[in-house]
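Asks: Dumping the structure here so I can ask a few things about it.
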Amino acid sequence: MKGTGLKRSFACALAGIAYVFQRERNMKIHGVAAIMAVGLGLFLRVTRWEWGLLLITIFIVLVAETINSAIEKAVDLQTESYHPLAEAAKDLAAGAVLLTAIMAVIMAFLIFGPYLLNLLSFAGGG
Ligand SMILES: Nc1ncnc2c1ncn2[C@@H]1O[C@H](COP(=O)(O)OP(=O)(O)OP(=O)(O)O)[C@@H](O)[C@H]1O
């Protein structure tokens with residue numbers, strides 16, 4: 001991308017975000033999960049603090065996947081043949097994403113669980 005200065009930096013960053021959402025299948029999956037979590041949050045009317053935790057969790061997952069994609073590209077640029085360090089670099093980056101995804105699932109249970117249990121007991125007449 002040509003040009004200099006702050007405007008260019010911002011344009012490059014936006015291009016990176018567009019790239020990862022358009023080209024990386026896993027980012028699309030994370031995006032759909034994030035939209036569903038926001039939808040559930042709106043439906044269940046979670047509190048301001050819970051929104052904060054939800055948004056932190058969503059952004060951590062998206063950031064991890066974006067960094068993972070950047071590491072994959074950098075590794076592929078360096079070598080197209082098998083290398084144990086290339087394997088380790090990609091596995092580590094993928095592991096980081098998995099850790100954030102596990103955190104997101106736990107956070108979803110903690111935040112939405114009580115609301116959903118309430119709804120169920122209400123629907124069951126309890
Ligand atoms: N150059 C390489 N040398 C050794 N192992 C590699 C190499 N490239 C990929 N791998 C192995 O294959 C796995 C998948 O790598 P790949 O580049 O296909 O990522 P990906 O499937 O596109 O990942 P994602 O699903 O996160 O987009 C890596 O985690 C690593 O174990």
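The values are calculated or read from the model by the stated rules, or taken from the named source; none is laboratory data. Just so you know, these numbers come straight off a predicted model, no measurement behind them. Counting neighbours? That spans all protein chains shown, and the Cβs are built from the backbone with ideal geometry, glycine included. Keep in mind that these areas ignore ligands, DNA and RNA; they rest on the heavy atoms of the full protein, side chains included. Shrake-Rupley method; radii C 1.70, N 1.55, O 1.52, S 1.80 Å.
Asks: What's the angle, to the nearest 10 degrees (0 to 90), between helix 84-123's Cα axis and the longest principal axis of the chain?
Replies: The two axes meet at around 20 degrees.
Asks: Within segment 33-123, what whole-number % of the accessible surface is contributed by carbon and sulfur, with the 1.4 Å probe and all protein chains included in the calculation?
Replies: In segment 33-123, the share of accessible area belonging to carbon and sulfur is 77 percent.
Asks: Given Cβ point charges of +1 (Lys, Arg) and -1 (Asp, Glu) and nothing else, what value in debye, to the nearest 20, does the dipole of segment 47-94 about its Cα centre take?
Replies: The dipole of segment 47-94 has a size of about 240 debye.
Asks: For Lys7 and Ala74 in one chain, what is 0.36 nm times their gap in residues minus the Cα-Cα distance, to one decimal in nm?
Replies: Value of the extension gain: 21.7 nm.
Asks: Of the chymotrypsin sites (Phe, Trp or Tyr not before Pro) in segment 20-100, which ones lie in a loop per DSSP and count no more than 11 other C-beta atoms within 10 Å?
Replies: Listed in order of number, the matching sites are Tyr82.
Asks: Then there is this: Taking only protein heavy atoms into account and a 1.4 Å probe, give the accessible area per residue of segment 33-123 in Å².
Replies: 70
Asks: Hand me the tally of lysine pairs in the chain: alpha carbons under 22 angstrom apart, and the pair either on different chains or 8 or more positions apart.
Replies: Lysine pairs meeting the criterion: 4.
Asks: If I stretch the segment between Tyr19 and Ala33 completely, what's the gain in nm (0.36 nm per residue apart, minus their alpha carbon distance), one decimal?
Replies: 3.2 nm
Asks: Once you charge only the Cβ atoms, +1 for Lys and Arg and -1 for Asp and Glu, what is the size of the charge dipole of the chain about its Cα centre, to the nearest 20 debye?
Replies: Once rounded to the nearest 20, the dipole reads 560 debye.
Asks: Given charges of +1 on the Cβ of Lys and Arg and -1 on the Cβ of Asp and Glu, with all other atoms neutral, how large is the dipole of segment 2-52 about its Cα centre, in debye to the nearest 20?
Replies: 260
Asks: While we're here: Taking 8 Å as the Cα distance limit and 6 or more residues as the minimum spacing, I'd like the relative contact order of the chain as a percentage.
Replies: Over the chain, the number comes to 27 percent.
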